[in-house]
1. Which numbered condition in (1) out of contact with any strand residue (DSSP E or B) (no Cβ under 6 Å at 6 or more places or on another chain); (2) in a loop (DSSP other than H, G, I, E, B); (3) in contact (Cβ under 8 Å) with a residue 12 or more places away in the chain is the only one that residue 492 fails?
2. Does the range 548-586 hold any residues that are within 22 Å of residue 425 (Cβ to Cβ), away from the ligand (no atom under 16 Å from the Cβ) and part of a loop (DSSP other than H, G, I, E, B), and which are they?
3. Please give the number of the condition residue 497 fails out of (1) over 30 Å from the mean Cα position of the chain (by Cα); (2) more than 21 Å from residue 127 (Cα to Cα); (3) more than 16 Å from the ligand (Cβ to nearest atom).
4. Name the helices (runs of 4 or more DSSP H) wholly inside the range 82-197 in which the number of residues that are under 27 Å from residue 286 (Cα atoms) is 1 or more.
5. Of the numbered conditions (1) out of contact with any helix residue (DSSP H, G or I) (no Cβ under 6 Å at 6 or more places or on another chain); (2) modelled with pLDDT of 90 or more, residue 106 fails exactly one; give the number of that condition.
6. With the condition kept exactly as written, say whether any residue in the range 307-322 is loosely packed, with under 15 Cβ neighbours inside 10 Å and either over 30 Å from residue 410 (Cα atoms) or out of contact with any helix residue (DSSP H, G or I) (no Cβ under 6 Å at 6 or more places or on another chain) (or both).
7. Would you call residue 486 away from the ligand (no atom under 16 Å from the Cβ), in contact with a helix residue (DSSP H, G or I) (Cβ under 9 Å, 6 or more places away or on another chain), in the same structural domain as residue 540 (by TED's automatic domain parsing) and more than 28 Å from residue 232 (Cα to Cα)?
8. Please give the number of the condition residue 126 fails out of (1) free of Cβ contacts under 8 Å to residues at least 24 places away in the same chain; (2) under 15 Å from residue 345 (Cβ atoms).
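The values are calculated or read from the model by the stated rules, or taken from the named source; none is laboratory data. From a predicted model like this one, the values you see are computed outputs, not experimental measurements. Don't worry about glycine lacking a Cβ; one is built from the backbone with ideal geometry, like all the others, and counts go over all protein chains shown.
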Ligand code: ATP
């Protein structure tokens with residue numbers, strides 16, 4: 001299904017197989033829903049309808065006046081009437097154009113307001129979607145729905161709806177006027193319509209196929225650009241010395257694209273040539289039959305009448321053609337609406353409870369009671385997890401990769417909800433607590449530190465916009481990053497680069513520790529990076545977190561012995577179950593999973609330093 005940006009722009013009138021398969025079911029419900037977006041703007045919409053009707057009729061007037069100009073003015077040799085009709089014709093054309101401008105303005109205004117409403121609605125909705133939604137759905141898809149699909153909806157309102165209305169009105173009035181003039185010639189006019197409709201459809205089809213091919217080629221070009229011009233992609237290209245290969249790949253697709261574009265433009269050219277030729281046949285036929293009627297049968301038909309009929313016939317070409325093809329546009333439009341509605345209809349998984357409870361005192365005490373959890377139906381990740389973390393204490397969670405350590409963390413700020421059992425925060429089930437309050441009191445320093453492109457100050461203030469310079473410096477000192485910042489020429493105003501990539505892994509992590517400290521949560525969670533940091537970075541981070549965890553409730557997902565030793569108690573996780581817990585010494589002595597981890601990981605990492 002093409003994103004909305006492609007709607008209507010290419011004169012493409014045929015659906016591909018793929019599009020046919022993805023055709024939405026057009027139900028009353030869907031239509032009602034689409035029109036419900038128009039409801040707040042019904043007054044403006046009626047105005048648009050009026051404008052369209054009036055300007056369509058006005059647009060036909062000059063054709064009808066031509067008859068008068070010929071019969072009464074020229075043939076009747078009446079100078080006054082001639083001038084009057086010419087001026088009148090000019091005046092209605094001008095009026096039609098002016099009304100057209102007004103109509104475009106109101107129409108664009110409505111479309112913009114509807115998409116404004118839709119975008120805001122969508123953004124708010126997406127922000128409430130759970131972590132599961134973002135891990136499952138393709139990021140590109142989410143962005144497409146937010147941007148080009150909604151843009152497409154705008155095109156539907158400004159183009160498709162308008163086209164249906166104005167073409168129907170023009171066609172109906174043109175036909176009425178034709179029949180009024182002379183029914184025989186009017187019927188003849190209708191009979192020639194298929195002559196120009198058929199070739200148009202053929203040309204449209206060729207063009208559509210080419211457009212689609214060019215689109216696919218374009219996607220490919222974008223793909224290559226995305227892959228090779230991103231920070232990590234470019235690095236990969238450089239390190240593997242693939243510049244030439246990538247250039248060739250790019251040049252090839254680019255070349256293909258040029259050829260397709262030329263073909264497409266030329267298909268358009270043929271299309272106009274064919275159209276030009278056949279559209280000439282209709283008028284000639286009318287002149288011929290009109291002439292026969294006039295000359296041979298002495299009918300009342302006048303030269304003016306024939307001219308009017310020819311002019312009106314010309315006016316029906318476009319509407320007939322557009323209306324015949326509108327079904328495809330219409331289908332595509334409905335498909336866009338369905339795509340947008342599909343997201344709107346996704347339930348919000350994690351919602352604020354109706355009557356949220358507030359703990360008497362927020363201390364960061366966490367309890368897991370018989371917690372079961374799975375991301376999907378297939379595999380259970382956590383099985384009967386139980387632990388109690390008293391306020392002010394710290395615990396380390398250790399375990400093999402994939403054992404579910406990060407998953408435990410995800411359940412505390414309700415990024416996901418448990419499948420069984422319960423997680424309590426200061427004695428209250430997290431599902432019954434005010435979500436904002438809960439998340440405000442849980443601070444997470446994750447493995448993947450995310451800094452946005454801005455200054456260090458911007459990134460710190462994200463946690464607390466009211467933080468003073470003093471607060472920020474203090475937090476940075478505690479996070480052991482202040483020396484680095486003050487050594488920079490611009491200090492806190494140093495730019496961190498795209499996703500913080502101008503900084504080292506350790507620096508980023510320490511800035512994110514400072515950021516969490518500014519948030520000042522009751523519970524601090526530190527998901528230690530598994531990736532190797534150099535020992536200096538590591539010890540700096542260690543120096544930063546040691547005193548912090550002494551003064552507040554904290555959970556450490558630990559991969560290094562020094563971090564593990566800083567915690568009051570150690571929990572060992574294996575295959576989603578807590579298999580051991582206690583102090584380092586007794587765990588090492590027990591000869592269980594911890595001993596094995598110690599021997600294979602912690603000891604090695606620790607002695608490496
Ligand atoms: P590591 O030490 O490598 O970070 P971990 O112990 O933190 O591992 P988790 O990230 O909790 O492990 O993952 C536990 C299991 O859940 C893994 O097998 C993983 O494949 C699976 N998993 C993690 N996130 C998701 C998700 N969003 N959807 C489905 N499965 C997931």
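1. Against the list (1) out of contact with any strand residue (DSSP E or B) (no Cβ under 6 Å at 6 or more places or on another chain); (2) in a loop (DSSP other than H, G, I, E, B); (3) in contact (Cβ under 8 Å) with a residue 12 or more places away in the chain, residue 492 comes up short only on (2).
2. Hits for the range 548-586 are 552, 567, 568.
3. Among (1) over 30 Å from the mean Cα position of the chain (by Cα); (2) more than 21 Å from residue 127 (Cα to Cα); (3) more than 16 Å from the ligand (Cβ to nearest atom), the lone unmet condition for residue 497 is (1).
4. Numbers: elements: 131-136, 139-144, 150-155, 162-181.
Here the list reads 162-181.
5. Exception for residue 106: condition (1).
6. First, the residues of the range 307-322 that are loosely packed, with under 15 Cβ neighbours inside 10 Å: 318.
Remaining after also requiring either over 30 Å from residue 410 (Cα atoms) or out of contact with any helix residue (DSSP H, G or I) (no Cβ under 6 Å at 6 or more places or on another chain) (or both): 318.
Yes, the range 307-322 contains at least one residue that is loosely packed, with under 15 Cβ neighbours inside 10 Å and either over 30 Å from residue 410 (Cα atoms) or out of contact with any helix residue (DSSP H, G or I) (no Cβ under 6 Å at 6 or more places or on another chain) (or both).
7. Taking the combined requirement at face value, the residue does not satisfy it.
8. Of (1) free of Cβ contacts under 8 Å to residues at least 24 places away in the same chain; (2) under 15 Å from residue 345 (Cβ atoms), only one is false for residue 126: (1).
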